[in-house]
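Student: Please see the structure below; I have some questions.
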Amino acid sequence: MEINEILQTERNLKGSEFEKAGDFEKAIEEYEKNVEESYKGNHPYDRLATIYKNQNDIENEIRILEKAIIVFEEITLEDRLEGLPKLFRFKNRLEKALQTKTLLAKQNKGKAK
């Protein structure tokens, strides 16, 4: 699959515009296309993780953060050192999301009793 970086950049810009307009569904569509293509920049991963977190969609937040980690591990292996701080940031966010998921599962388990 050939990657069109101009198209990816346009998707990020469209996604940002949709977010500003409050149309998160369309923003998600644009960002998800870039994630599907393993976009080598942090923007769609950051935005999607934030949107999903704000929507209390922990599963998708975790999915996006895991994908970001895979992409930024590859970037770091390519000796692109700018990827390293972003990799650590995504790992920290994933750790927090997993802790939240565990906490929510415990709370729901307690309510079910």
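Student: Run the accessible area of the range 29-113 with a 1.4 Å probe and give the carbon-and-sulfur part as a rounded percent. Provide the component values of the computation, followed by the final result.
Tutor: Numbers: 2790 of 5310 Å².
Whole-percent figure for carbon plus sulfur exposure: 52.
Student: Within straight cross-link reach of Lys106, meaning Cα distance under 20 Å, which aspartates and glutamates are found once same-chain residues fewer than 8 apart are removed?
Tutor: Within the straight-line cut-off, Lys106 pairs with Asp57, Glu59, Glu61, Glu95.
Student: Can you tell me the order of 100-110, 49-59 when each peptide is scored by its average per-residue count of other Cβ atoms within 10 angstrom, highest first?
Tutor: 49-59, 100-110
Student: Starting at the first residue of the range 77-83, write each ³J(HN,Hα) from the Karplus equation 6.51 cos²θ - 1.76 cosθ + 1.60 with θ = phi - 60°, in whole Hz, x for Gly and Pro.
Tutor: Along the range 77-83, the couplings run 5, 7, 6, 9, 5, 5, x Hz.
Student: By a straight-distance test (C-alpha under 20 Å), which lysines pair with Lys40 as possible cross-link partners, with residues fewer than eight away in the same chain excluded?
Tutor: List returned: Lys14, Lys67, Lys86, Lys91.
Student: Probe of 1.4 angstrom, ligands and nucleic acids ignored: what's the accessible area per residue over the chain, in square angstrom? List each step's numbers first, then the result.
Tutor: Values: 7460 Å² over 113 residues.
That works out to 66 Å² for each residue.
Student: A further question follows. Please report the relative contact order for the chain, taking Cα pairs under 8 Å with a sequence separation of at least 6, and give it as a percent rounded to a whole number. Write out the running numbers ahead of the final one.
Tutor: Numbers: 89 pairs, mean separation 19.3, N = 113.
Worked out over the chain, it gives 17 percent.
Student: If you don't mind, there's one more thing I want to ask. Two decimals is fine: what is log10 I(q)/I(0) at q = 0.19, 0.22, 0.25 Å⁻¹ for the range 28-104, from a Debye sum with one equal scatterer on every Cα and no solvent?
Tutor: At q = 0.19, 0.22, 0.25 Å⁻¹ the computed log10 ratios are -0.72, -0.93, -1.14.
The values are calculated or read from the model by the stated rules, or taken from the named source; none is laboratory data. Note that the coordinates shown come from a computational prediction; the quantities given were computed from them, not determined experimentally. So basically every Cβ, Gly included, is an ideal-geometry build from the backbone, and we count neighbours across all protein chains shown. When the accessible area is computed, the model is the full protein with side chains, heavy atoms only, and any ligands, DNA or RNA have been set aside. Shrake-Rupley method; radii C 1.70, N 1.55, O 1.52, S 1.80 Å.
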